[in-house]
Structures are given as C-alpha cells and as structure tokens.
Amino acid sequence: MKITKAIIPAAGLGTRVLPASKSVPKEMLNIVDKPAIQYIVEEAVAAGITDILIITNRGKGAIEDHFDHSFELEANLKGNASKKKIYDDVVYPSNLANIYFIRQKETKGLANAIACAEKFIGGEPFAILYGDDVIASPEGKPVIGQLIDAYEKYGVGCVGVKEVPRAEVPKYCSLDVTPLEENIMSVHNIIEKPAPEQIVSCYSILGRVVMPPSIFDYIRRTPTDEKHGEVLFTDSMVMLARDGSLNAVDFDGKRYDMGNKLGIMKANCEFALNHEEIGEDFKEYLKQLVKDFD
Ligand code: UTP
C-alpha cells in the first residue's frame, strides 16, 4: 500500500529553547526565511505524502496560520510585478498538501501525541516527522522517502538512525541491531537515554519514523513509565522490535535539532551559506568574522 499520510507531532513545550518559544511555537522558529516546520512539510511532500496531520496544542495557532491563506497579504501583493516572487512564497505553504490539525489536550508525551492521530490514519501505514527535527538531504532523496522505500520493501516499521558520537548517545537512545543490507538493519532493542555502560551501538533514532497502523495497539498496550509518568513511544517501538517488526535505516541526510539553541544556530548558519540570495555575502561575512576572532 502506497504511503500517503504523515503526522507531525508539534505539541511539545519546547522548554529547551525558552524564552524564544514562550509565545512563538519552536516549530515556527526561523531558518533564514522559512519556519522550521515548512522544511519538514516540504520533505514529506517531496516523498509523495499528500495528507498531513499536525498535532498542536494551545498557543500554537501560528502554525495553522502559516499553512492557511492570508487574504489581506495576498491581495496586497497580487498583481504587483515587482513583488511576484514574494507573492509566490507567501501562497506556497497553503498549497503544499492537505494539512489538518488536531490538539493534544494535555502534553503527555510523544506516544500520547501520536495516539491522537489514530482516526486520521484509518488503518494505513504512515510516516511520522518530529516537528523540531529538520533534515536536509542535499543530493539525494528526502529522508522520509528513504524510510518509506524500506517500509515498502520489508513490510515492517522503520526508524531513521544515524551514528552519533559516543559521548552524546546518553542524550538520545542506543539501538541493538543486526545488518540486513548496506544501510538497513533489523532492530532488536532500543535503550532510551542509556548510561555509558548500557550503550550497545551508537545508532540513535533522529526524528523520522514509518509505522504500521498496528502501532496504535502497541501504544495502548505499553505500560506507563514510572519515572516519567507517561507512556514512552520508545517503549511501544521496543515491543514492535521484540515482535521482529522493526528495521532501522541509516539515512543519507543531515539533521538539525531545532529544539535546542546550538541546533538552531547550526541550521541557520548552514542554510544561509547555501541560500541563493544571501549565500555568497554570508560566506564573506563569516570568513571575515573568523579572521577577526583569530
Ligand atoms: P521533544 O521532547 O523533543 O519536545 O519531543 P519537547 O517536549 O518540546 O522538548 P523540551 O524538552 O520541552 O524542550 C519530540 C517531538 O514530539 C513532540 C514535540 O513537539 C517534538 O516535535 N511532542 C512532545 C508532542 O507533540 N507532544 C508531547 O507531549 C511531547
């Protein structure tokens, strides 16, 4: 079955980027000239996704406005030849895909957010793109498309992974895997935020997942984690892995964590360097800045 539906959980509190995220959703933080979540929607659309459910909560209305038409702005720009490019850029997000919204009523973790999408998904396999992870794949296929291909080939759930420096694994998770082919592995276990002695590999899940519809049953059957007081999505995926139904794709792409300050600065710097309008000037500026530091 062709995968055409995706969900973007974007209901987190964004505490690591406060106070910036106090009244602006972190998913709306800028990378040069577009909010982070637009890059994520564009990635999904480039992979053949036509219907996207964005999971929000109170205070995230700016996300809905961004993907809606802005009639006043459009009327003001339309017909002005010198502003044609700006008009096109303003209209573009509203025509990208069929975009729907639902609110996660309480911020009770990622599994709870994903569970809000069950009716929308309606028994089909689907993609999940975390709302604060922007992933660039400059040369190749969109990263979520790489996972969709693997799902279609093997017919089991699929997580997007990269090897992260060993010292950073405790911030993420560690996957117990065996290779299947060049960049695809079978997952046996996932250790969430491992202590250094618990690390079984440096492969961590970074923001992209394709799941079978049965994941909603797994989420229902996952016990609440005592320490966090919530159902952890990792625990649901561990159950899927133990049933032999989870693979990992070491994807071709670079991920930027828009949920932390350094990630936001890296994303802005690197996207600015590649930007057709300001790239050259920004490169010169950076060179000079680095010289001045020496
Ligand atoms: P994160 O843990 O990175 O986001 O969740 P957060 O909770 O906003 O982070 P901090 O710790 O407070 O800074 C990964 C993804 O899951 C979403 C987030 O919006 C993010 O895209 N999420 C998280 C939800 O949709 N609902 C939740 O209850 C928790």
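The values are calculated or read from the model by the stated rules, or taken from the named source; none is laboratory data. Please read all numbers here as calculations on a predicted model, not as lab measurements. Here the Cβ positions follow ideal geometry from the backbone for every residue, glycine too, while neighbour counts run over all protein chains shown.
Observations
- Residue that is surrounded by the fewest Cβ atoms within 10 Å (Cβ to Cβ) [pool: residues in segment 106-118 that are in a loop (DSSP other than H, G, I, E, B) and within 10 Å of the ligand (Cβ to nearest atom)]: Glu106
- Residues of segment 70-105 that are over 25 Å from Tyr151 (Cα atoms) and within 16 Å of the ligand (Cβ to nearest atom): Phe101, Ile102, Arg103, Gln104, Lys105.
- Among the residues of segment 63-74, those that are over 15 Å from Met28 (Cβ atoms) and either surrounded by 11 or more Cβ atoms within 10 Å (Cβ to Cβ) or touching a helix residue (DSSP H, G or I) at 6+ places or on another chain (Cβ under 7 Å) (or both) comprise His69, Leu73, Glu74.
- Only one of Lys84, Lys2, Lys78, Lys60 that is among the charged types (D, E, K, R) and surrounded by 15 or more Cβ atoms within 10 Å (Cβ to Cβ): Lys60
- Residue match in segment 14-26 (condition: aliphatic (A, V, I, L, M), within 16 Å of the ligand (Cβ to nearest atom) and touching a Phe, Trp or Tyr at 6+ places or on another chain (Cβ under 9 Å)): no
- Only one of the numbered conditions (1) surrounded by fewer than 15 Cβ atoms within 10 Å (Cβ to Cβ); (2) among the aliphatic types (A, V, I, L, M); (3) touching a Pro at 6+ places or on another chain (Cβ under 6 Å) is not met by Ala47, and that is (1).
- Residue among Met265, Met239 that is in contact with a helix residue (DSSP H, G or I) (Cβ under 8 Å, 6 or more places away or on another chain), without any contact (Cβ under 8 Å) to a residue 60 or more places away in the chain and not small (Gly, Ala, Ser): Met239
- Only residues that are under 19 Å from Lys254 (Cβ atoms), hydrophobic (A, V, I, L, M, F, W, C) and not in a loop (DSSP other than H, G, I, E, B) were counted in segment 31-51, giving 7.
- Residue within segment 6-28 that is without any contact (Cβ under 8 Å) to a residue 12 or more places away in the chain, at positive phi and surrounded by fewer than 13 Cβ atoms within 10 Å (Cβ to Cβ) present: no
- Cross-chain or 6+ apart pairs with Cβ under 8 Å, segment 89-111 first and closer than 20 Å to Glu230 by Cα and modelled with pLDDT under 95, then surrounded by 15 or more Cβ atoms within 10 Å (Cβ to Cβ) and among the polar types (S, T, N, Q): Lys105/Asn57; Glu106/Asn112; Thr107/Asn57
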